[in-house]
Amino acid sequence: MSNEILYILLPDYAAHEVVYLAQAIASDEYALKENPKYVNKVVAPTMEPVKSIGGFQTLPDYSFDTIPDDYTALVLIGGFGWSTLIAKQVEPIVKEAIEKGKIVGAICNGASFMAKCGFLNSVKHTGNGLEQLKLWGGDNYTNPDGYIHAQTVSDRNIVTANGSASLEFAKELLLLLENDTPERIEMYYQFNKQGFCSLFPDN
C-alpha cells in the first residue's frame, strides 16, 4: 500500500482546514521527519495551481486524471469549490475510496458534499449543521439520525468535521492513521488547543 495521503483541493479552498493534519504528518516538534510514515500529496482538478480563499496558490501533485489507485487516505478540504460543477468530478473518486475501505476525511463543505452524494447514509457523521447537510443532500441524504452535533465524528473509516474543527479533524485522522502514539497525538492536540502559555505558564 502506498503511504500517500491525498488532499483534494478545489478552487477557493479553505487553507486553514489542512494545516494541522498536514503539519503533523510531515514534521515532529522540532523539524521535518527524516522518515515520515506518510507523505502529503495534493490533488486538484488539473495540474494548474489551485487558489485558496486567501489567495495562496498551490501546485498539485496529481490531477483528477492522474490520481493514483494506491494510497492510504483521501481528505476533502472545505471551501467554496464544493458548491460548483467541478465538484461532481470528485464523486467517483470518493466512491471508489469508500468501496476499497480507504480512510476518507471530509471537513466543512467537503462533508456537505459527502451528504449530497449519499456517502454519509450508513455512518455516524457531522458537518456544518444538520440543516446544511439536508439542504445540500436533498433526497440523496437519508441519514439525519446519524448526524451528531460535534466538532468531528469518526465512524467506519470516515471522518467528518465542521469548518471550525480543523484541529479536532486532524486529531481524529491522526489516530485513525496511527501516525504516532495516542499519547503524542493528544499532546499535539492539547498544545495547539490550549496554547503554549496555558501549558507552560510563566512562573
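None of the figures in this text is laboratory data; all of them are computed from the coordinates on show. All of these numbers come straight from a predicted model, not from anything done at the bench. No Cβ is skipped: glycine too gets one built from the backbone with ideal geometry, and neighbour counts run over all protein chains shown.
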For this session: Would you be able to say whether some residue in segment 2-22 is closer than 18 Å to T72 by Cα and without any contact (Cβ under 8 Å) to a residue 24 or more places away in the chain?
Result: yes
Seminar exercise, completed: Filtering segment 178-193 down to residues that are more than 24 Å from G79 (Cα to Cα) and not charged (D, E, K, R) yields N179, T181, P182, I185, M187, Y188, Q190, F191
For this session: State whether the residues of segment 92-105 include one that is under 14 Å from L173 (Cβ atoms), in contact (Cβ under 8 Å) with a residue 60 or more places away in the chain and surrounded by fewer than 17 Cβ atoms within 10 Å (Cβ to Cβ).
Result: no
Exercise. Which one of these does P68 not meet: (1) of a type outside the set (A, V, I, L, M, F, W, C); (2) in contact (Cβ under 8 Å) with a residue 40 or more places away in the chain; (3) surrounded by 15 or more Cβ atoms within 10 Å (Cβ to Cβ); (4) more than 17 Å from D180 (Cβ to Cβ)?
Worked result: (3)
